[in-house]
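The values are calculated or read from the model by the stated rules, or taken from the named source; none is laboratory data. Fair warning: this is a prediction, and the values are worked out from it, not measured in the lab. Reconstructed Cβ throughout: ideal geometry from the backbone, glycine too, with neighbour counts over all protein chains shown.
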Amino acid sequence: MDQQGENGLRPHWHQPHSGEHRWPVSIVVVIVIFLQFSLPKSLSLSAQVQICLLETAFLIALVVVNPRRISRHLPSTRILGIFLTVLMTLSNTASAIKLIDAIITRGVTDARSLLLSGGSIWLTNVVVFGLWYWELDRGGPGKRAEASHPYPDFIFPQMSDPLYAPKTWHPTFFDYLYTSFTNASAFSPTDVMPLTRWAKALMLLQSMTALLIVGLVIARAVNILR
């Protein structure tokens, strides 16, 4: 059953639209792959080069299958996108675990390297969770373009009051990336609220991960600089 707005019409954010462009997501993913490839070997998996190549292959496949606008739900691109996000998540989780282990058990003595590596892992964490929010909210970008999923997983300010946005407004990848960044910075939701349990669980996990990384990295860096 569709949500109903004024005059029995769907709310403006739940109207079918032409879909968002693929290139902003692709550029951000390329940056993340570069960050993962650039990490020190001590913080990377032994097969990090192969993982980065596999991530690149998934990205190329996505661009080939759907190079321009994500205007409809395609199972092939949906599966490829989720596999790519899972791979990036596992790789960055392994790097975060190695970073925490290096801080706690081995003792890091280079503050500059620690801050650069910690910042890279933190930034990758922001992008990865932004991708998860973007891929899962209302069934993904394709289903959002089709307006086939009636209930949102995240409520944006523009969705709660039509006066805050034009009738053509709909959330894009940048909105989810911003949500991820603010959640990782403030360690809690800011202006975008999670509605479903999976959305709350993901934001909780991201906040915990970001707090752990930032707390340990800054504490250790300050101790070294002293």
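The requirement of being among the small types (Gly, Ala, Ser), within 20 Å of Ser44 (Cβ to Cβ) and assigned to a helix (DSSP H, G or I) is not satisfied by Ser76. Restricting Gly118, Gly130, Gly140 to residues that are out of contact with any Asp or Glu (no Cβ under 7 Å at 6 or more places or on another chain), on the phi > 0 side of the Ramachandran plot and crowded, with 19+ Cβ neighbours inside 10 Å narrows the list to Gly140. On the stretch given as segment 162-182, residues that are in contact with a Pro (Cβ under 7 Å, 6 or more places away or on another chain) and modelled with pLDDT of 95 or more total 2.
If only one of Ile82, Ile51, Ile31, Ile70 is in contact with a helix residue (DSSP H, G or I) (Cβ under 8 Å, 6 or more places away or on another chain) and over 30 Å from His170 (Cα atoms), which one is it?
It is Ile51.
Summed over segment 139-179, residues that are of a type in the set (S, T, N, Q) and more than 17 Å from Ser18 (Cα to Cα) total 3. Here Ala96 fits the description: touching a residue at least 12 places away in the same chain (Cβ under 8 Å) and either outside any helix (DSSP H, G or I) or under 17 Å from the mean Cα position of the chain (by Cα) (or both).
Of the numbered criteria (1) more than 24 Å from Gln36 (Cα to Cα); (2) surrounded by 17 or more Cβ atoms within 10 Å (Cβ to Cβ); (3) basic (Lys, Arg), the one Arg220 fails is (1).
Looking at segment 161-202, which of its residues are touching a residue at least 60 places away in the same chain (Cβ under 8 Å) and surrounded by 14 or more Cβ atoms within 10 Å (Cβ to Cβ)? The answer is Pro162, Ala165, Trp169, His170, Pro171, Thr172, Phe173, Phe174, Leu177, Ala184, Ala199, Leu202.
With surrounded by fewer than 19 Cβ atoms within 10 Å (Cβ to Cβ) and closer than 16 Å to Trp132 by Cα as the only criterion, which of Ile82, Ile97 stands out?
Ile82
Considering segment 131-226, the qualifying helices (runs of 4 or more DSSP H), each wholly inside and each with 2 or more residues that are within 21 Å of Met88 (Cα to Cα) and aromatic (Phe, Trp, Tyr), run over 173-186.
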